[in-house]
Amino acid sequence: MTIPIHQFNEQKSQDIPFEIVRLADISPISISPRPHKHTFYEICWVQTGTATQYLDFNPYKMNAHTITFVSPGQVKSWDTKTTLKGYVILFTKAFLQMTALAPVNMRDYDFFHRPDLQPLITLTPEAYTLFDQLCLSMVRDFEYIGLGRSTLLESWLRIFLVHAQRLFEAQRLTNTHTATSQLVESFMRAIDHEYARYQQVQDYADQLGITPNYLTDCVREQLGVSASTLIHQRIILESKRLLTYSDQPIGEIAFALNFDDPSYFSRYFKRHV
């Protein structure tokens, strides 16, 4: 068995890597209980109805006040028991680089590429109104084929992401902005980007321009675990994805995760799981 990978269909969206669709109109395969991956980003807002979305083995309850965010490469499946209404927004990183607007770093948004954080926000009544207006604007301009379509859609999406990040930050219990917390967040982003290449704290400390001991102290102060534990957790998460949902031999998985010896990878996995 291999994990199905959903590619973005630009023909369906009139040759731009962006699509917004109402949940009532979405293809059944998109909310399938069968695990699958995306090569693109997905934002899902359930306005009415309830569902459970599984992302990398973790269940997230969705109702009329929640929005979930799915990053490329995450293993996803659905459990739906009611008719859903709301919106799904699909886009690639390239879509946010189509105009002369300032470049976007997707890792600046904490609901993407952060396996240590829940990729979910709960809307306040005021936020509900704001996001509903943004989605209606995106639907209107997505359905319009003419001058300025891509520019307006990219602008609406950027506004959506900024407001989502602000709400995400406000809802985090550990929402501090000290130098230490900024450093730890930079470390977490680096792990998610480089976990298949680097396994040592020293490698990440070198990237951040600090000593390994200082990095470990900062991580322990903020999260209560060692820096090496966070590296191990990210490697184990990817190992679980590949072992559970792909038919790759253990040797291939080991090499993909930068283990020279499959036997050592097996011992490593057993030790941490």
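The values are calculated or read from the model by the stated rules, or taken from the named source; none is laboratory data. Computed from a predicted model, the values in this text were never measured in an experiment. As a convention, Cβ positions derive from the backbone with ideal geometry for all residues, glycine included, and neighbour counts pool all protein chains shown. Protein only, heavy atoms only, side chains kept; ligands, DNA and RNA dropped before computing areas. Shrake-Rupley method; radii C 1.70, N 1.55, O 1.52, S 1.80 Å.
Of the residues making up region 204-248, those that are among the charged types (D, E, K, R) and within 13 Å of PHE187 (Cα to Cα) are ASP206, ASP217, ARG220, ARG234.
For region 110-127, a residue qualifies if it is farther than 30 Å from THR229 by Cα and surrounded by fewer than 16 Cβ atoms within 10 Å (Cβ to Cβ), and the qualifying residues are THR124, PRO125, GLU126.
So that you can scan it fast, the table gives a plain yes or no per residue for (1) closer than 21 Å to GLU194 by Cα; (2) out of contact with any Gly (no Cβ under 9 Å at 6 or more places or on another chain):
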site: GLU238; (1), (2): yes, no
site: TYR245; (1), (2): no, yes
site: GLY251; (1), (2): yes, yes
site: ALA254; (1), (2): yes, yes
site: LEU257; (1), (2): yes, yes
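Among the residues of region 99-158, which ones are among the aromatic types (Phe, Trp, Tyr), in contact (Cβ under 8 Å) with a residue 60 or more places away in the chain and within 15 Å of TYR41 (Cβ to Cβ)? Correct list: PHE112 only. The residue that is surrounded by the most Cβ atoms within 10 Å (Cβ to Cβ), counting only those in region 73-109 that are part of a helix (DSSP H, G or I) and in contact with an Asp or Glu (Cβ under 7 Å, 6 or more places away or on another chain), is PHE95.
In region 128-147, the qualifying residues are those that are over 12 Å from TYR87 (Cβ atoms) and hydroxyl-bearing (Ser, Thr, Tyr), and the one that is surrounded by the fewest Cβ atoms within 10 Å (Cβ to Cβ) is THR129. Restricting attention to region 43-67 and to residues that are open to solvent by 60 Å² or more (accessible area, probe 1.4 Å) and in a loop (DSSP other than H, G, I, E, B), the residue that is nearest to CYS135 (Cα to Cα) turns out to be HIS65.
A residue that is outside any loop (DSSP other than H, G, I, E, B), touching a Lys or Arg at 6+ places or on another chain (Cβ under 6 Å) and either open to solvent by less than 30 Å² (accessible area, probe 1.4 Å) or of a type in the set (Asp, Glu) (or both) occurs nowhere in region 8-21.
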